[in-house]
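The values are calculated or read from the model by the stated rules, or taken from the named source; none is laboratory data. What you see is a predicted model, and the numbers here were worked out from it, not measured in a lab. When we count neighbours, we look across all protein chains shown, and the Cβ atoms used for this are built from the backbone with ideal geometry, even at glycine.
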Amino acid sequence: MADSTRQITVRAASDADLPQISALCERELHLDRTAAGYPALLMRRPRSVVVATCGEALLGAAFGSVTRSPVPDGVIDLLAVDGSARRAGIARRLVAHLEAEFLGRGCAAITVQGNSPCYLWPGVDLRYTPAIGFFEALGFSRRHCFVNMDVDLFEAPLDTAEDEKRLADSGIRVQRARPEDKAALQAWVGSGVGGAEEAWVEEIEVTLDNPEAGCLVATHREEVIGFVAYGLNQLHIVGPLAVDPAHRRAGLGTVLMKRCLAEQRDRLGLRTAEIGWAGPVGLFSKTLTATINRAFWQYTRPLAATP
C-alpha cells in the first residue's frame with residue numbers, strides 16, 4: 001500500500017503521464033495481452049483522463065467519455081490502480097472525479113461499458129473480480145452480460161470455396177471492402193438492416209482507414225447485404241458483423257465470418273482470433289468450434305444516486 005504519510009493527489013492527466021499510465025495498464029491488466037497500448041487506443045477520441053499520484057509515482061488512472069445519445073451517459077472506459085496502493089480509496093476518488101465532470105456535462109447516468117468506436121471491452125471482465133466488488137459496493141447495478149469467444153485459426157474449418165460458389169450462383173458475392181465501398185456500406189449500416197447499429201457507421205470508417213485492419217462486404221446484384229470487420233481496436237478481435245435477414249438462411253453470415261478469420265490467419269499470421277460481443281454463441285460453437293473465453297457485466301448507476 002502507498003505510504004499513508006504521503007499525500008495522494010487526484011488531478012487531470014497530462015501528456016507527460018501517458019508512459020506511466022501505459023506501464024500501469026501493462027502491469028495491472030494482466031488478462032489483456034495488449035494492455036500497454038490501451039491508453040493510446042482510447043485517446044484516438046476525446047477522453048477525460050484522471051490520475052492519482054503520490055510524489056513522482058503514478059498510482060491510478062481512469063479514462064472517461066460521454067455517449068452521443070440525446071440524453072448522454074458518462075462512461076468509465078478504463079480504471080486501474082497499482083496493486084501496492086489498493087484499499088487507499090484511490091479508485092473511489094478517480095470515479096468521483098469523473099462523476100463530477102459527467103454531471104457538469106448533463107449526463108443522466110454513469111456506466112461501465114464500451115463507448116464506440118474506440119473502446120476496450122463490453123463491460124467489466126468477470127475475472128477481474130475486485131473490480132466487480134468495487135462497482136457493486138459503489139451502488140452500480142448490473143445491466144447486461146456479453147461474452148467474447150476464441151477461435152483457433154488452425155483448427156477451425158475455414159474453407160468457404162464450395163459455399164461461395166453456391167452463393168455466387170444466386171448472385172451473392174463476398175469480397176474485401178475497398179475505399180470506394182465505404183459510402184454504400186455506411187449507408188446500409190445506418191439503415192439498421194440486419195441489426196446493424198448506428199455506431200457501426202463510424203466503426204467502418206475507422207476500420208477502413210486502418211491498413212492493418214480489414215472489412216469484408218457481401219453484395220447481391222451490387223447491393224450491400226452484409227459485412228464483417230476485424231481490427232477495429234485490436235487486430236485479433238472480430239466485429240461487428242451484420243447480415244440482411246433475407247439472406248441469413250443461405251449461410252452468408254458463416255461465410256463472412258470464415259473469410260474474416262482466414263484473412264486474420266493468412267494476412268496477419270494470427271493463431272487465435274477473438275469474436276467480440278459474440279452471438280449467436282451456439283452457431284459460432286458449431287460452425288467455428290469457438291469457445292467462450294471472456295464474460296463481461298455492464299454496470300450503470302443514476303448520477304443523482306448517492307452510493
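Just one of Glu99, Glu164 is outside the structural domain of Leu29 (by TED's automatic domain parsing) and either over 21 Å from the mean Cα position of the chain (by Cα) or closer than 30 Å to Gly253 by Cβ (or both); which is it?
Glu164
Can you work out which of the residues in region 201-252 that are in contact with a Ser or Thr (Cβ under 6 Å, 6 or more places away or on another chain) and aliphatic (A, V, I, L, M) is surrounded by the most Cβ atoms within 10 Å (Cβ to Cβ)?
Checked region 201-252; the qualifying residue surrounded by the most Cβ atoms within 10 Å (Cβ to Cβ) is Ala229.
When you scan region 243-261, do you find a residue that is within 27 Å of Gln113 (Cα to Cα) and among the polar types (S, T, N, Q), even just one?
Scanning region 243-261 turns up no residue that is within 27 Å of Gln113 (Cα to Cα) and among the polar types (S, T, N, Q).
Can you list the helices (runs of 4 or more DSSP H) found entirely within region 196-289 that contain at least 3 residues being under 21 Å from Pro179 (Cβ atoms) and not assigned by TED's automatic domain parsing to the domain that holds Val124?
So the answer is 200-208, 252-268.
Assuming Val189 fulfils every condition listed in (1) assigned to a helix (DSSP H, G or I); (2) at pLDDT 95 or above; (3) not hydroxyl-bearing (Ser, Thr, Tyr) apart from one, which condition is it?
For Val189, the exception is condition (2).
What tally of residues in region 19-35 results from selecting those that are surrounded by fewer than 17 Cβ atoms within 10 Å (Cβ to Cβ) and either in a helix (DSSP H, G or I) or not assigned by TED's automatic domain parsing to the domain that holds Pro130 (or both)?
3
Taking Trp200 as the residue in question, decide whether it is among the aromatic types (Phe, Trp, Tyr), touching a strand residue (DSSP E or B) at 6+ places or on another chain (Cβ under 7 Å) and free of Cβ contacts under 8 Å to residues at least 60 places away in the same chain.
When the stated conditions are applied, Trp200 does not pass them.
Considering only region 116-158, state which residues are at pLDDT 95 or above, polar (S, T, N, Q) and closer than 22 Å to Tyr230 by Cα.
Asn148
With the structure loaded, tell me whether Arg265 is over 26 Å from Gln113 (Cβ atoms), of a type in the set (D, E, K, R) and buried (at least 18 other Cβ atoms within 10 Å of the Cβ) or whether it fails that test.
yes
Look through region 125-182, keep the residues that are among the aromatic types (Phe, Trp, Tyr) and surrounded by 11 or more Cβ atoms within 10 Å (Cβ to Cβ), and return whichever of them is nearest to Arg301 (Cα to Cα).
Among those residues, the one meeting the criterion is Phe140.
Does region 126-159 hold any residues that are under 17 Å from the mean Cα position of the chain (by Cα), farther than 17 Å from Gly239 by Cβ and aliphatic (A, V, I, L, M), and which are they?
Passing the criteria: only Leu126.
If you scan region 102-117, which residues turn out to be touching a residue at least 24 places away in the same chain (Cβ under 8 Å), outside any loop (DSSP other than H, G, I, E, B) and surrounded by fewer than 16 Cβ atoms within 10 Å (Cβ to Cβ)?
Leu103
Might you check whether a residue that is part of a strand (DSSP E or B) and touching a residue at least 60 places away in the same chain (Cβ under 8 Å) occurs anywhere in region 71-91?
yes
Name, by its number, the condition in (1) crowded, with 22+ Cβ neighbours inside 10 Å; (2) under 22 Å from Trp200 (Cα atoms) that does not hold for Gly60.
(2)
Could you tell me how many of the residues in region 183-200 are surrounded by fewer than 18 Cβ atoms within 10 Å (Cβ to Cβ) and more than 14 Å from His247 (Cβ to Cβ)?
Total meeting the criteria: 9.
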